[in-house]
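Everything below concerns the one structure shown next.
The values are calculated or read from the model by the stated rules, or taken from the named source; none is laboratory data. Small disclaimer: the values here were computed from a predicted structure and weren't measured. Neighbour counts run over all protein chains shown; Cβ positions are idealised from the backbone, glycine included.
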């Protein structure tokens, strides 16, 4: 048994930390040897920190210790979150690597163990801060039993997880507002299993590869199923096109389809301008070959990328065109995706009722034709919509319900959900849960190598830290967000992230009373928005108001009046367009009157 911060049994105890808690759990569950129990008893009697920690752990495991709402919420997270599972898996891998190393060195350790034991025992009065940890006779004992170490650690992880879950089950009533399920989410995960569109794509790809008509006949059968089950013509018309294509064009179509799926499967977050050029080029090439159905499938990507690059007028035009084409031809598959991007735009530029209706319509189509991605993306947008409209309770409930059924979620979905969950939890005054969600989202974003998502997570951590008065941590997170954002290869994505970081930095400096720095940050943010051609009235109103506040405090009254007039102008436009944001995400302090 290894007592943390002690270099040997009977030695002088250094300051203990929570690292001994796993030993307390094993002791309470009767998983220690008798000699180890006695050694732990002696240590607890001589160490006040461990005495209190042991009593607290025992009360929790026995169900006697009342937990705070933050502790219960954290236990709920550990019971439900896939991030917790990822962490366990990572630690298991590390342990297995250590076991391999121990096995490799075990023979050499066996030959010298008795000598080391005698030597270590004779030095039992040395200072714990200077004694090398390798001289611990217990560590020598463990080197002879590496499988015991691995087993012990794995038992600890499962023990902790099971313990947390049992505590949560016994204490669920205070958590009803946080853990209640959103209707239909569980049923969606259970019902959306079979995707005939994927089967259709596979059959067409097999035909293009083999040029065997039997694969095309298989595609035709699947298209008929789509027609019969969903009353939609997408599959039937697509197969008709491939049946009419001369063999001389099959090779080129195969290349174009590979490009299309490459664009579809690219992770979000970066290189929007480059992807947009590729999408527009591919769309034209498919139209030239008469493949209208798949040209409009690519147009759904073009619609999304126009939205993400702030080309709103072009976006609205091609999305309306795409919706008309889809409805006229009864292509529910395409209609669903055009509606999705329209709904995402409306969530920032229309009333809550209009936005929610558009997303519910998209969800209905996704459920009808059994497209998981369409349903999940729509519900995630709905979560964001609740948050933007300051319904943080509903937003957090939806996030936690979604994360409790993560089987069909991609990792970037989990990152986004945790970001929204972290912001909602911060507004609801659950700081521990908020901090954990945002840190986990940053960790996972870096794991999947998505700097845009990672920078945003660090930016949110900076914002929530400042709102709670922790300006030192806020500054560290801001620097980290800026560092990660500068790794973005696409200049549009980089500027888009940096203008938000700079805008929120201006807000934080106002909170701290550093008005000079606030004015500089807001000015930089406005310059980047101008380069990006962002015409969001609400954001422009808030940043100009921030500049007005800073200028007034700096006694630059003329500039303050100009900024205030500009802010008022954009505020009226934002109100007319029903633009809104969550109070926390505003670029100025105390903005709830701008909802």
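Quick notes on this one:
- Complete set of residues in the stretch 259-303 that are within 19 Å of residue 489 (Cβ to Cβ), buried (at least 19 other Cβ atoms within 10 Å of the Cβ) and either under 26 Å from the mean Cα position of the chain (by Cα) or in contact (Cβ under 8 Å) with a residue 40 or more places away in the chain (or both): 269, 270, 272, 275, 276
- A single entry from 320, 306 fulfils the requirement of being exposed (fewer than 14 other Cβ atoms within 10 Å of the Cβ) and either closer than 22 Å to residue 365 by Cβ or assigned by TED's automatic domain parsing to the domain that holds residue 493 (or both): 320.
- All helices (runs of 4 or more DSSP H) inside the stretch 389-462 with 3 or more residues being closer than 22 Å to residue 580 by Cα and outside the structural domain of residue 487 (by TED's automatic domain parsing): 392-403
- Test: residue 307 is in contact with a helix residue (DSSP H, G or I) (Cβ under 6 Å, 6 or more places away or on another chain) and under 20 Å from residue 347 (Cα atoms): yes
- The number of residues in the stretch 470-479 that are without any contact (Cβ under 8 Å) to a residue 24 or more places away in the chain and within 21 Å of the chain's Cα centre (by Cα) comes to 4.
- Residue match in the stretch 214-225 (condition: crowded, with 18+ Cβ neighbours inside 10 Å and modelled with pLDDT under 50): no
Table: residues versus (1) touching a helix residue (DSSP H, G or I) at 6+ places or on another chain (Cβ under 6 Å); (2) surrounded by 23 or more Cβ atoms within 10 Å (Cβ to Cβ); (3) at negative phi; (4) modelled with pLDDT under 95.
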| site | (1), (2), (3), (4) |
| --- | --- |
| 505 | yes, yes, yes, no |
| 515 | yes, no, yes, no |
| 523 | no, no, yes, no |
| 534 | no, no, yes, yes |
| 544 | yes, yes, yes, no |
| 548 | yes, yes, yes, no |
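- Scanning the stretch 211-247 for residues that are assigned to a helix (DSSP H, G or I) and within 15 Å of residue 291 (Cα to Cα) gives 234, 235, 236, 237, 238, 239, 240, 241, 242, 243, 244, 247.
- Filter result (free of Cβ contacts under 8 Å to residues at least 24 places away in the same chain and closer than 16 Å to residue 501 by Cβ) within the stretch 527-537: 527
- From 355, 351, 381, residue being outside the structural domain of residue 494 (by TED's automatic domain parsing), touching a residue at least 40 places away in the same chain (Cβ under 8 Å) and closer than 29 Å to residue 407 by Cβ: 381
- Filter result for residue 247 (surrounded by fewer than 16 Cβ atoms within 10 Å (Cβ to Cβ), out of contact with any helix residue (DSSP H, G or I) (no Cβ under 6 Å at 6 or more places or on another chain) and within 28 Å of residue 412 (Cα to Cα)): no
- Filtered by the rule that a residue be free of Cβ contacts under 8 Å to residues at least 40 places away in the same chain and surrounded by fewer than 21 Cβ atoms within 10 Å (Cβ to Cβ), the stretch 414-434 gives 428, 429.
- As a summary of the residue check, residue 350 satisfies the conditions (1) over 24 Å from the mean Cα position of the chain (by Cα); (2) modelled with pLDDT of 90 or more except for the one numbered (2).
- In the set (1) touching a helix residue (DSSP H, G or I) at 6+ places or on another chain (Cβ under 9 Å); (2) assigned to a loop (DSSP other than H, G, I, E, B); (3) over 30 Å from residue 353 (Cα atoms), residue 563 fails one condition alone, (2).
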